[in-house]
Amino acid sequence: MASVAFSGAAAAATTSRRLPASAKLSLSPSSSSSSSSSSLKLLGSTPIFSRLFLKPKRCSAAPLPSRAFSSAAAAPKCLASDPEQLKLAREDIRELLKTTFSHPILVRLGWHDAGTYNKNIEEWPRRGGANGSLRFEIELKHAANAGLVNALKLIQPLKDKYSDVTYADLFQLASATAVEEAGGPKIPMKYGRVDVSAPEQCPEEGRLPSAGPPSPADHLREVFYRMGLNDKEIVALSGAHTLGRSRPDRSGWGKPETKYTKDGPGAPGGQSWTAQWLKFDNSYFTDIKEKKDEDLLVLPTDGVLFEDPAFKVYAEKYAEDQEAFFKDYAEAHAKLSNLGAKFDPPEGIVIDDGPSQPVPEKFVAAKYSSGKRELSENMKQKIRAEYQAVGGSPDKPLQSNYFLNIIIVIGVLALLTSLVGN
């Protein structure tokens with residue numbers, strides 16, 4: 001959450017379908033309240049805005065229009081998401097990413113919905129977390145959420161199409177899918193999150209991290225410890241800043257454009273944390289460590305990862321070992337996506353098939369009658385006794401068809417036995 005998702009620095013590049021990753025996920029709050037208000041007023045004049053959330057979610061298969069930014073959302077009648085619709089929505093998100101380059105802002109959308117969680121509050125939804133509250137105007141106006149209205153404009157058609165998927169699930173599905181499609185790790189997600197039903201259930205402003213606090217390390221720990229996350233998870237999640245860029249007109253951080261962002265993709269401009277800002281890898285850590293490129297952004301909350309002794313242990317590790325970073329990131333992202341959520345069913349819904357079981361190697365005699373092919377260890381064990389009985393070895397296959405030889409020997413023995421018996 002710390003990095004990519006929580007900051008308004010992540011600029012939402014455009015309100016069109018060609019929305020780029022420019023809506024960077026970042027830690028810093030962004031844009032003034034006046035710009036947020038004008039953005040929302042502009043949205044109010046569009047068909048998408050006027051259709052959002054007036055109708056409750058239903059259990060029927062036919063999609064019903066819902067209205068996203070109004071304050072009059074009715075309580076949904078069916079809270080669990082439909083597994084088949086979740087799978088279909090994921091495929092649509094994959095296609096959406098190919099044309100909009102919106103990976104960063106979709107990651108940020110999921111993070112900001114979940115990142116308001118407070119472990120010290122038990123009551124749902126007052127505790128915050130992944131509950132779909134970010135769809136309401138009152139929460140969209142929070143400074144840290146600047147630009148996320150553009151992410152909602154991308155998601156709303158999917159919500160209209162798949163009415164039996166909750167907003168809370170759709171936000172987290174989009175976030176995890178964006179990471180995976182950018183080359184990141186497979187995230188062990190579960191679904192079935194219940195949506196809040198009214199803007200009065202939104203959390204108060206100020207629960208998300210800031211990019212430039214007086215004491216960055218203390219600030220990160222204050223925010224993320226409140227969510228129940230630890231130092232390793234703080235650093236791992238910060239690594240998602242490998243995606244996206246920060247726009248100074250929204251967050252007050254970064255350059256208007258750099259050699260890496262001047263040509264897009266999507267709307268040009270902003271300053272990225274990495275050179276390949278639509279690729280999920282460990283370059284965020286290597287670039288911060290080296291600090292050789294002035295065109296790459298390093299926020300105070302980024303730099304502190306290599307300054308604070310406890311954070312540095314993990315930052316150094318991830319800079320050297322991308323596999324370790326991917327493993328820890330996947331676990332942290334999944335944990336973050338579940339924070340504060342109420343699941344229906346309680347155990348959640350898993351839409352990914354488990355790892356496929358290896359298919360046993362088919363035993364084909366002819367395959368092992370030539371010395372031109374190496375045997376697997378499994379097959380060596382299966383045929384060793386028979387093979388060695390006729391003078392062969394699994395490591396030195398006979399040139400002749402030894403199975404035919406075995407059959408001949410058995411036939412001869414049977415004939416001899418019959419003759420002796422007679």
Debye equation applied to the C-alpha atoms of the range 105-218, log10 I(q)/I(0) at 0.12, 0.14, 0.23 Å⁻¹: -0.43, -0.58, -1.41
Amide H partners (placed H, <5 Å) of Ile349, local residues excluded: Tyr191, Gly192
Burial order of peptide ranges 404-416, 93-105, 234-246, 315-327 (average beta-carbon count within 10 Å, highest first): 234-246, 93-105, 315-327, 404-416
Long pairs among Lys186/Lys262; Lys292/Lys312; Lys232/Lys289; Lys141/Lys186; Lys153/Lys259, criterion Cα-Cα beyond 23 Å: Lys186/Lys262; Lys141/Lys186; Lys153/Lys259
Karplus (6.51, -1.76, 1.60) ³J(HN,Hα), θ = phi - 60°, over the range 105-121, in Hz, Gly and Pro reported as x: 6, 6, 4, 4, 4, x, 5, 6, 6, 7, x, 8, 5, 10, 5, 7, 10
Percent accessible area from carbon and sulfur atoms, the range 257-350, protein chains only, probe 1.4 Å: 48
1.4 Å probe accessible area per residue over the range 84-222, in Å²: 30
For the range 285-357: accessible area per residue (Å², 1.4 Å): 52
Peptides ranked, highest mean first, by Cβ atoms within 10 Å: ranges 335-341, 206-212, 195-201: 335-341, 206-212, 195-201
Cα-based Kirkwood hydrodynamic radius, the range 212-346, one decimal, Å: 15.7
Taking all pairs of distinct alpha-carbon atoms in the range 223-264, Kirkwood radius in angstrom: 12.5
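The values are calculated or read from the model by the stated rules, or taken from the named source; none is laboratory data. Predicted model only: the values in this text are computed from it and were never measured. When we count neighbours, we look across all protein chains shown, and the Cβ atoms used for this are built from the backbone with ideal geometry, even at glycine. To get the accessible areas, we keep the full protein, side chains included, count just its heavy atoms, and leave off ligands, DNA and RNA. Shrake-Rupley method; radii C 1.70, N 1.55, O 1.52, S 1.80 Å.
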